[in-house]
Structures are given as C-alpha cells and as structure tokens.
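Q: A single structure is presented below for examination.
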Amino acid sequence: MKTTTNLPRRDFIKLSAISGAFLAVGFVPLGEKESKIVNLSKTATPGNELNPFVFIGTDGKVVLYNHRPEMGQGTFQAIPMIIAEELEVDINDIEIRQSPADEHKYGDQMVVGSRSIRNNFNNMRKMGAAAREMLMQAAAKRFHSDVSECEAKNGYITHVSSGRKISYGVLVRDASELEPSNSPALKDPSQFSVIGKSVPRMDIPLKTNGEAKFGIDHQVEGMLYASVERSPFFAGRVIDYFGEKALQVPGVKYIFKTSRDVWGKKREAVAVLANSYWAAVKGRKALEIMWHNGDLKNWTTEEIWIDYYKASKEEGTTFEEKGDFENIFDKSANKIEAYYETPYQAHAPMEPMNAMVSVTEDKIEFWGSTQNPNGIRSHLAEKFGMHPDKIIINYTFMGGGFGRRSLMDVVDEVADLSAQAGVPVKVIWTREDDIGQGPFRACSLNHLRGSINAEGNAECLDHKIICQDIRNQSGYGKSPSSGITGGVITEYEIPNFRLNGVLRKHHIPITYWRSVYHSTNCFAHESFIDEMAHEAGKDPLDFRLVMLKNHYRYSQVLKLVAEKSDWYKTPDENTGRGVAIVERSGSFVALVAEVKRIEGKIVPYKFTVAIDCGIVINPDTVVAQSEGCVVMGLTAAYKSAITIEEGRVAQTNFDKFKLMELYETPQVNVHIVQSNEAPEGVGEAALPPTAPALTNAIFSLTGKRIRRLPFKLDEV
C-alpha cells in the first residue's frame, strides 16, 4: 500500500492534471449518514475539482480516499478498508490519499466522539459496491454475458464459466460511462475478506521514520513564529504592556495584543512575532505585562469542592426517573450513601497545540493539526466576514487530540495575529501553555444514595452529578444539559431510580476530554454499584449480571470478561480483582482490573477488557485503542490532575503533571466479541471503566474504598 501524506489542497486533483480515461466515484452529502452516489468521471468537465472516494485509472491504479482527520485512532486506513472490501481490491495494493476539507463535498469531517466509522460505514460500503457493479456491468458487456455470470476479485472481473478475466484498468473507460446505483448489493459479513482482518496500519511507518507531516512541522515562505504570553488567571485582562526589551531580541519583528475566544469568553494575551520560534520565545520572556485579575487569586481547588458540596444539597434537574426513590429510600433499613470526586484534567497531547494562518484581503489559508477542519472554515468565515469558498483548510496528521483539537481558540488567536502582521503566522504553545491554560476536562462531584432490600437486591438508587457543563459555560441558563449524564448505566434493572444534575459555573474553561463525562460519572456509578454488591453480600460481577439479565450485549461482555480473567477462580491473598462496565459511543465494555501486593506495595498488574463494538474493521486498532484507553484511564486515576492554587493552575509541565511511563504499564488483554451489529466507536470506550475497576480491585484486596481521584498508589 502507498500513502500520500502531503497536505491536502482544495485543488488537490483536477481533470486538467489527469491524462486518459478514469473512473471516479464520490457522493453528494444528504445528511449525517446519507448520501447520493455520483459518477464524477462522467459529469465533471476539465478544470473541475473532484471529491472521489474511489479513483481508478486505465493503468489499473486504485486510489481510495480518507476524508477524516487522523490523530492516531486509525481512520486513515480504516475508511479505505471499508471501501476496498466492497470494491474487491487488495488493501495492500492501493494508494491512500487524504481528502481536502470541504463539507459540501465530503460531509461532516469532524473527528470527535468516535463517530468516524459509525457514521460512515454504510456510505463507504455503498460507494465501493457501486463502483464494483459499474465495473462488472462493463465486463459483462465485453463477455457478452449477464452480470450474474461475472465475479469481482482482487482488481479483476472474471467470467466464471469460461475463466476469462479483465483487469479494472481495462474496464475503466466503459465503466465511466455508466450511472452508479444508490442501492448496490452489499456483501454478507460472512464474505468479508478485508474488514475484520488485522491489516498493518501504513501510517505507522511514516510516523516512525519521520516522513509523516504534523501541524508543528509545516512551514510556508514569509511566515513568522508567534509565542504568546497569556494571563495565568483564566479571566485576566491586559492593562498595559512594555515590549522594548523584547524588540531588542534579534529576530523579533512585532509585538501585538491579541485574544482568543474560549466558549464565548475572550482571553486576552500579548504575542511576540519573530523569524524563528526561539527568538519569539526569548522575546516573550522579555515582555513586561500588567494584568488585571480581579479577585481570582482567592480561587483554589478546595474552594471549588466546598462550592460543589453546597450545591449537592440542591434539588437539581431530573433527567430520568422511575419508581419512587425518596419514599423507598426513607423507609429502607439498609441505606448506602457516598460522594465521589474527580478532578480537572489536561489533554496533554504529545504534539503541543499549534496552528498557522495566513489572512489576506481575498483569502484565508490554514495549515495544522485539527479534529474539526470545517469548523475552522466556518469560524474564520464568520470572524472575517468572508465567504467560506475563500478559505482553504490544510489539515495534517495529529500528534494526539483527545478532544482538545476540536476547539477554535488557537486558530482564533493566530488568525488575529496574521491579520495584524499581514503575513502568515504560526503559533506554537509551550507545554506550560498547554497544561496551564486548558480548556480542561470538567471536575465533578457525584452524590449517590441507594438501598438494598431483604433479598439482597438493589431496590433504589439516586445519582446526582454536580459539575460544569461544556454546553453551558456562559452567564445564561441555570440548568445543565443531559450531556453531563454520560457514563451512568441506566440499563440496570433497579425499580426505583433517579438521575439528576446541578449546574455549576466557574471561570475555569472546560471542554471535551477523551470520553468526556463518561470518564467521571462511570467512576462514581460503578464504584457505588460495587458498594451495593458488597452491602448485599453478593459477587460484584454476578450482582451486575442479575440486574442486566435482559440486556444481551452487557451480559455478553460481562460473561466474556469473567471467563478471560478467571473471575470465578479464587485469587491468592495478595491479589484483588474489580469489575466495571460502560457503554460509550455505542460500544459495550466490561473490564476486570487485577492488582497485586508486591513487597508491601499495591501494583496494578493486569487489565482484561471485553468489548462489543459491532462489526470490527481492523482488530489491531480495537486492541490498540483499548490499550491506550486503559493507560490514559490509569494516568487520570492515580498519576495526575489539574489543581488550582491562588487562582491559577499549579501544574506547569510533565514534572508536575505526571504521565504513565512504559515500565509502569500493566498487562492489558483485549477480547473482542464477534458481532454482526453495526460498527461502533472504540477510541474512548475502555477508558471510563478503568478507574472504577481499579479502585474496586483495591477494595477487594485491602478493604479500603477510594472515592477521590487521583489517589496516591503508594499510600493505599
């Protein structure tokens, strides 16, 4: 397989650059999951741009396009794999190209919430199948036979009875005159030869040999670098600044006041622009800035928790309710109550935040790593009052994102600087900027109450979430959205159940973080289910199975993880096991954590993951994403957190915001349920149950309940 990693341009492929006949099949977006398949080779005219997903030349060369940004999650190859399956070509013989950013031609291109495969599976299959049918019709005409007598395989059409075969390249000219079907015959999953196979990802060698280009790598002629000094206080305003010393640094060209929009709030800053990044950084260090920070110095993490605990007494907004919780709970003789705390978290992708923008009178161009290329186009169009057609978005591979690269704030800031300077400007955040400025994952307080009846079953449960809401960070509205409830397993058959939330608003900016509220709520919910199981004197896994007896997919992963982890085998006195479950992005996960006491210390030893994600495109990707989820989940559980001291973030770099290192990483075994259900998201699914499975395992070994993250592993 070959890959093209050059930055995609809007005019990346034009008929004027193509010699000879070709077959190009694309689509017209009709909605999030619907499209109309079109034959671009028939309708296009010289000079027109194409939006193909399938391109075949007369030489038999097959090019398949991926239209979703790649940040390590595997879409770069997975989407072409889906097309290749129905097109009947060898995935190892094709070329993969990255499409440009164009919502009108490619539909939604945002990568967030593990939606890329879920929302594109059927469309990609239909395009591959439509192109295959066009080639088969062309071949049948040449064979003077019916299409039913022909078979497609590995880039050839074979006439079954005679054994004659013709390559796709030979058929291109005739096929390009045909109309594609919008309801082509699709393969039965039992016939898949590409989907479901562990195909080596061809973007990995590019990323290890230095060939792959990330946003931080890109340069254009005449560009300047920017390093930006922002207030360590989130709502700080610039009173005045003095840049004389900064301008004396060789290479420094300009000093500008600027700002970026973070969820509707302006964050002011002062930027130094120079002909090298190092000069910009040195100039930034020489700046003298007077900040107005109001009373924000009074804010600390502990003050936030005090506020949250007070808010937990409020009634809040009810999102789901059945039975009569209050009445049953009041009368119960066996009550349980607990609070769970989860902190702010930084995204900390290995590639720090960066972007480059060139703003001129008649066009704007962006280069960089983004999860939301068309969102950038819309944002810049609105910001500068320019038609979206005048804005070119060049997106690259990303060195991690985890939700952070879906925001517009970095682009907003650098576009302002380019407009002021009149040249392309590239901003690169330092690690201190990245960790200290956010936006972060929301911290939250979860208050749970429940009771066990005389038969040892859960009879009632109330789950209240107290947190900031990503969708409501402005000064308007007093109720949280249902988005804050992710990760609460409402499928448990508990007769009296209530789920509610209380909105808190603080100046600390928050945003989407890998699995979002699932990462905080699941810790609380699955820890409390474990507490209820213990109070009932029941096995924690069996306790869950009883309440999910009518939910096939949850039951299936629970039984699989029990088998693969030897759950029912009594562990030795130095081993503890805990279990937790979740549904995230349509995938169902059960996870068993195993900890051991080694030389007096608790060590996370082995994590067993059972995942039902429907039809699997590339099993290796499912395994890799699940492993990454466990590592990130453990990091958030006991390695790191964002804390506030005197109104600012206390953590500055990886010396204080610790990440899990290779030698600390436990064994992770991933087991995939074989399924013909629609494919679902895997990039976030195994993260939420990691922390509760771990703390439940620690309880099974030590008898200590952990209700506040992060905890200190060496103090357990």
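Q: List the residues, sorted by chain then number, that are 5 or more residues from residue 616 or on another chain and whose placed amide H is less than 5 Å from its amide H.
A: The list, which skips near neighbours in sequence, is 675.
Q: Specify the inter-centroid distance of region 149-188 and region 54-73, based on alpha-carbon positions, in whole Å.
A: Between the Cα centre of region 149-188 and that of region 54-73, the gap is 19 Å.
Q: In the neighborhood of residue 585, defined by Cβ-to-Cβ distances under 9 Å, what is the net charge if each Lys or Arg adds +1 and each Asp or Glu adds -1?
A: Details: positive: 115, 118, 584; negative: 583, 680, 684.
Summing Lys/Arg as +1 and Asp/Glu as -1 gives 0.
Q: Now for a different question. Taking region 2-208 on its own, what percent of its Cα-Cα pair distances exceed 31 Å?
A: 14
Q: What aspartates and glutamates could a cross-link reach from residue 197, if we take a straight Cα to Cα line under 18 Å and drop same-chain neighbours fewer than 8 places away?
A: 85, 86, 88, 90, 93, 188, 612, 620, 677, 680
Q: Still on this structure, please answer the following. For region 412-490, run through the GluC sites (Glu not before Pro) and keep only the ones in DSSP coil with at most 12 other Cβ atoms within 10 Å of their Cβ.
A: Within region 412-490, the qualifying GluC sites (Glu not before Pro) (loop, at most 12 other Cβ atoms within 10 Å) are 455.
Q: Using the Cα centre of region 107-237 as origin and beta-carbon charges of +1 (Lys, Arg) and -1 (Asp, Glu), tell me which of 107, 196, 127 is placed farthest towards the positive end of the dipole.
A: Projecting each Cα onto the dipole axis, the largest value belongs to 196.
Q: Please report the spacing between the Cα centers of region 684-699 and region 453-475 in Å, no decimals.
A: The distance from the Cα centre of region 684-699 to that of region 453-475 comes to 18 Å.
Q: Let me ask another. Counting only pairs 8 or more residues apart or on different chains, how many lysine pairs in region 59-183 have their Cα atoms under 21 Å apart?
A: Lysine pairs satisfying the spacing and distance rule in region 59-183 number 8.
Q: Compute, for the chain, the length of the dipole vector about the Cα centre, with Cβ point charges of +1 (Lys, Arg) and -1 (Asp, Glu) only. Units Debye, rounded to 20.
A: Values: 84 positive and 91 negative charges, 190 e Å.
Dipole about the Cα centre, nearest 20: 920 debye.
Q: Relative contact order of region 481-549: what whole-number percent is it, with Cα pairs under 8 angstrom and at least 6 residues apart?
A: 46
Q: Run the dipole for region 195-251 about the Cα centre, Lys and Arg Cβ at +1, Asp and Glu Cβ at -1, nothing else charged, and hand back the magnitude in debye, nearest 20. Write out the running numbers ahead of the final one.
A: Working: 7 positive and 7 negative charges, 75 e Å.
With Lys and Arg at +1 and Asp and Glu at -1, about 360 debye.
Q: For region 317-353 and region 222-297, what is the centre-to-centre distance using only Cα atoms, to the nearest Å?
A: Between the Cα centres of region 317-353 and region 222-297 lies a distance of 40 Å.
Q: If you don't mind, there's one more thing I want to ask. Excluding residues on the same chain fewer than 8 positions from residue 257, give the lysines whose Cα lies under 27 Å from its Cα.
A: Reachable lysines: 245, 265, 266, 282, 285, 297, 363, 383, 390, 426.
Q: Jot down the per residue volume, in cubic angstrom and as a whole number, of the convex hull over the alpha-carbon atoms of region 234-284.
A: 80
Q: Could you list the chymotrypsin sites (Phe, Trp or Tyr not before Pro) in region 487-581 that lie in coil according to DSSP, counting only those with at most 13 other Cβ atoms within 10 Å of their Cβ? Don't skip to the answer; put the middle values down first.
A: Values: sites: 492, 497, 512, 513, 517, 523, 528, 543, 552, 554, 567, 568; in loops: 492, 512, 513, 517, 567, 568.
Of the chymotrypsin sites (Phe, Trp or Tyr not before Pro), the ones in loops of region 487-581 whose Cβ has at most 13 other Cβ atoms within 10 Å are 568.
Q: Further question on the same structure: Sequence-distant or interchain residues sharing an amide H contact under 5 Å with residue 652, placed H: which?
A: 657
Q: Sticking with this one: Where nothing but the Cβ of Lys and Arg (+1) and of Asp and Glu (-1) is charged, how large is the charge dipole of region 498-649 around its Cα centre, in debye to the nearest 20?
A: 380
Q: Would you be so kind as to identify which of 25, 629, 602 lies farthest towards the positive end of the dipole of the chain, taking Lys and Arg as +1 and Asp and Glu as -1 on Cβ and the Cα centre as origin?
A: 25
Q: Also, I was wondering about something else. Taking +1 at the Cβ of each Lys and Arg and -1 at the Cβ of each Asp and Glu, which of 457, 651, 479 sits farthest along the dipole of the chain towards its positive end, judged by Cα position relative to the Cα centre?
A: Positive-end residue among those listed: 651.
Q: Let me ask something else about it. Which lysines, on any chain, are close to residue 310 with Cα under 18 Å apart, when same-chain ones fewer than 8 places away are left out?
A: Of all the lysines, those that pass the test against residue 310 - Cα under 18 Å, at least 8 places apart if same chain - are 464, 478, 505.
Q: Which trypsin sites (Lys or Arg not before Pro) from region 591-700 combine a DSSP loop assignment with at most 14 other Cβ atoms within 10 Å?
A: Counting only loop positions with at most 14 other Cβ atoms within 10 Å, the trypsin sites (Lys or Arg not before Pro) in region 591-700 are 656.
Q: Let me ask another. Please list 3J(HN,Hα) in residue order for region 176-193, calculated via the Karplus relation 6.51 cos²θ - 1.76 cosθ + 1.60 where θ = phi - 60°; whole Hz, with x for glycine and proline.
A: 5, 8, 9, 9, x, 7, 8, 9, x, 5, 9, 5, 6, x, 5, 9, 4, 10
Q: Still on this structure, I have one more. From Cα coordinates alone, what are the radius of gyration and Dmax values for the chain in angstrom?
A: 27.6, 85
Q: Another question about this same structure. Scan around residue 642 for amide H atoms under 5 Å from its own, H built in the peptide plane at 1.01 Å from N, and keep only partners 5 or more places away or cross-chain.
A: For residue 642, whose amide H was placed from the backbone, the distant partners under 5 Å are 344, 345, 346.
Q: Could I ask something else about it? With θ set to phi - 60° and the Karplus curve 6.51 cos²θ - 1.76 cosθ + 1.60, what are the ³J(HN,Hα) couplings of region 663-675 in order, to the nearest whole Hz, using x for Gly and Pro?
A: Values, residue by residue: 5, 8, 6, x, 5, 10, 10, 10, 10, 9, 6, 6, 8 Hz.
Readers should treat all values here as calculations from the given coordinates under stated rules, not as data from a laboratory. The model shown is predicted, which means the values in this text are computed figures rather than measured ones. Ideal geometry is used to build each Cβ from the backbone, glycine not excepted, and the neighbour counts take in all protein chains shown.
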